[in-house]
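Report on one structure; see the data block that follows.
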Amino acid sequence: MPTTARAKRPATRRTAKSSSRTNASQSRADRRPDGDTPSRSAKAKAPSKPRRTRTQSNDEKEAAEDGPTFADLGLSKATLATLDEIGFERPSKIQAAFLPIALSGRDCSGQARTGTGKTAAFTLPMLEKLDLDRKVIQGLILAPTRELAEQVSQEMKKLSGGRVKTVVIVGGRPMGPQVDAIKRGAQVVVGTPGRVMDLMGRGQLGLENIAFAVLDEADRMLDDGFRPDIEKILRKCPKDRQTLLLSATMPGEVEELAAKFMKNPAQVDMSEDALVATEMIEQFVLTVDPDRKFGALLHVLKQEKPKQCLVFTRTKRGAEKLYERFSRKLPNCAMMHGDLQQRKREKTLQAFREGQIRMLVATDVVGRGIDISGISHIVNFDVPEFQDDYVHRIGRTGRMSSDTNGRAITFVCRDQGDQLTKIEIRVSQVLPTYPLKDFEAARPVIRKTVQDHDATIIPVKKVTSPLFGGS
Ligand code: AMP
């Protein structure tokens, strides 16, 4: 008898692959130049770093060899030299599509998720446009979370070879050092809308010299209620700026924002690319009983022996409870959710990045946007509420920066078949059952009729209790 029975699904499950794809433009409600600029001479060299490229399949290699090179895209020699130094050999699809438009100075909105190289797609055009001799804020990047803002800032430092002064303006950290960095001549602000508004309101941050504005993960910022702040911030930026918008999905609200604050934007839709990216992650589903989830996780970890694992829960309390149980068994385990102090979140993320933490239990708020090459496994301890969150969660593994593809295992309870079906439609795959050994994650289903082929069938015994009489 198989140890697990799959969650009961509605009929749509069988048509997930053939059904018309619920593409990323679906609303979440349905669910979720070659000229050197004078200041950028090729003399300025980025520090040498060991080259690291992702393991590519033959198909991917052929596709990359057919595509443009960075030199074909109109980047300056200084930038090309830095890209060479950091081991970026070929542009990713979003970069190849987005860079020529953005480098031409046109506003552009792109549909792409993290992990596809979108940060470089908007950072490189900004770097080309900045006048590094002017110590004023010329670039503004708004991002939904502190971690993402920090990550974008790090990527910008990497891509500029450390030549651009950036300041990360996010809540949960003291304002003083952020204000000092602005006064010392920061050229690019990467921040979350709330704190950016705060410093503007206090007269500590002026946006009158902004030539380049980016809205990163626009859908997420709107979901988080940042729309009024974003609108106020963009109204304070000069009208002749260039604006870029990146979003994993393009619901109506994001399109409205683009229509209001962008000038005739070109659109690059790489949502197909996003789906291809998810196909490079081995995805499984495991039917679990709620009270056996913890045991199932222990056995999955024992079986998979992940290099590093990110476990998603739906709620903060869920993350805390799971962490409490785990920390007794696993020393290199940590937990992150939105209520934790920023300093603690940063310390945890750094330790995870450095490999000191093997397993991180997190909620979607902090999980999204994390780019850590060591993450080999994603476990969705709680099935995500929205299918877009699923794509974001599993995208934390199999990153462009990692050596190997990743694995994602999603725990689904029997009454969550609908949610699983929506996820499968979103990724255009019927997810195979995870072959868990030595543990029964879900008790067998007892059925009276032979109608449900997915269920394990156990014959019903005749009740002979004297209370009920009978033979
Ligand atoms: P992102 O989607 O911007 O979060 O990028 C994911 C990871 O891929 C980051 O670590 C980037 O440094 C890396 N990356 C981006 N573009 C390239 C490229 N063309 N070649 C190699 N690595 C890249």
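Readers should treat all values here as calculations from the given coordinates under stated rules, not as data from a laboratory. Note that the structure is predicted; figures quoted are calculated from it, not measured. Don't worry about glycine lacking a Cβ; one is built from the backbone with ideal geometry, like all the others, and counts go over all protein chains shown.
Each residue of the stretch 292-308 was assigned a 3J(HN,Hα) from its phi angle through the Karplus curve 6.51 cos²θ - 1.76 cosθ + 1.60 (θ = phi - 60°); the sequence is 10, 4, 5, x, 4, 5, 4, 6, 4, 5, 5, 6, 7, 6, x, 5, 9 Hz, with glycine and proline shown as x. Of interest is the spacing of the C-alpha centroids, which for the stretch 196-261 and the stretch 159-177 amounts to 18 Å. In this simple spin-label approximation, V365 and R325 carry label points 7 Å from Cα along the Cα→Cβ vector, and these lie 2.3 nm apart. The H on the amide N of A266, modeled in the peptide plane, is under 5 Å from the matching H of D107, C108, S109, each at least 5 residues off or on a different chain. Shape analysis of the stretch 201-341 places it in the prolate category; the axes a ≥ b ≥ c from the Cα gyration tensor give an a/c of at least 1.5, with a/b above b/c. Under the criterion of Cα pairs below 8 Å and six or more residues apart, the relative contact order for the stretch 58-274 equals 27 percent. In this structure, the amide hydrogen of G206, modeled 1.01 Å from its nitrogen in the peptide plane, lies closer than 5 angstrom to no residue at least 5 positions away or on a different chain.
For the listed peptides 218-224, 343-349, a ranking on the average number of other beta carbons within 10 Å per residue, highest first, reads 218-224, 343-349.
Counting charges near P177 (Lys, Arg +1; Asp, Glu -1) among other residues having Cβ under 11 Å from its Cβ returns a value of +2. In the calculated pair distance distribution of the stretch 112-266, what percentage of Cα-Cα distances lie above 24 Å? Looking at the stretch 112-266, the distances longer than 24 Å represent 24 percent of pairs. Each residue of the stretch 310-317 was assigned a 3J(HN,Hα) from its phi angle through the Karplus curve 6.51 cos²θ - 1.76 cosθ + 1.60 (θ = phi - 60°); the sequence is 10, 10, 9, 10, 7, 10, 4, 4 Hz, with glycine and proline shown as x.
Here's how it looks for I169: its modeled amide H is under 5 Å from those of V190, G191, T192, which are all 5 or more places away or on a different chain. P(r) for the stretch 207-247, from all Cα pairs and a bin width of 10 Å, is 30, 54, 16 %, short bins first. Couplings for the stretch 253-267, taken from phi via the Karplus curve 6.51 cos²θ - 1.76 cosθ + 1.60 with θ = phi - 60°, read 5, 5, 5, 4, 4, 4, 5, 7, 10, 10, 9, 6, x, 6, 10 Hz in order; Gly and Pro are left as x. Taken about its Cα centre, the stretch 320-397 carries a charge dipole of about 440 debye when Lys and Arg each add +1 at the Cβ and Asp and Glu each add -1 at the Cβ.
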